[in-house]
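The next block holds one structure in the form of structure tokens; read it before the comments.
Values in this text are rule-based calculations from the coordinates and carry no lab data. As the structure is a computational prediction, the values presented were derived from the model and not from experiment. For neighbour counting, all protein chains shown are included, and Cβ atoms are generated from backbone atoms with ideal geometry for every residue, glycine included.
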Amino acid sequence: MAFEKISNSIHDLNSNIQSYMHSNSEYYKLLAFKQGMKGGTALVRFLIMGFLLSVAGMMLSFALAIIISEAIGEPSSGYFIVGGFYLIVFVLIFIFGKEPIEKLVLRKFSKTVFNEKEE
């Protein structure tokens, strides 16, 4: 009789442990999915905003190049000046910008993915 109770208790304990492990694994799957989706949607939003900002920057660059060309009187000089400015900015970012850009992107995505506030 006592042996049967111990056997049933052990069987119940085994069943409870298996149930706990299954629930725990499902929770972590759901948490990983949630964090992945937060990161994914942040990346898509970042890409869309970057595209729109790039298009706006191109339009403003063309307008600035036209204004400079008209002010100088040479049709192509404004484009060369604006292009040279962007080339200088590119070189400066290439030389000095790796670490600050990495920190900015890492901080932004970490804040988005690991923010534990419930929406």
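Couple of notes before you dig in:
- Spin-label model distance (nm) - Ala2 vs Phe109, 7 Å beyond Cα toward Cβ: 6.2
- Signed unit charges on C-beta, dipole axis of the chain, positive-most listed residue Asn115, Thr41, Ser15: Ser15
- With neighbour counts taken as other beta-carbon atoms within 10 Å, the residues Val44, Val82 rank, fewest first, as Val44, Val82.
- Taken about its Cα centre, the chain carries a charge dipole of about 160 debye when Lys and Arg each add +1 at the Cβ and Asp and Glu each add -1 at the Cβ.
- Options Ile93, Leu52, Ala2, ranked by Cα towards positive dipole end of the chain, top entry (Cβ charges): Ala2
- Proximal charge balance of Arg45 [Cβ under 14 Å; K/R count +1, D/E count -1]: +3
- Crossing angle, helix 2-72 versus the chain [Cα axis fit, 0-90 degrees, rounded to tens]: 10
- Under 27 Å, Cα to Cα: Lys pairs in the chain, sequence gap 8 or more or different chains: 18
- Between 0 and 90°, nearest 10: helix 98-114 axis offset from the chain longest Cα axis: 40
- Net length available on complete extension from Leu30 to Phe80 is 12.7 nm, with 0.36 nm assigned per residue and the Cα-Cα distance removed.
- Rounded to the nearest 500, the helix-only mean residue ellipticity at 222 nm of the chain stands at -33500 deg cm²/dmol, with each DSSP H run of n ≥ 4 adding -39,500 (n - 2.57).
- Helix axis angle, 77-96 relative to the chain longest principal axis, alpha carbon, degrees: 40
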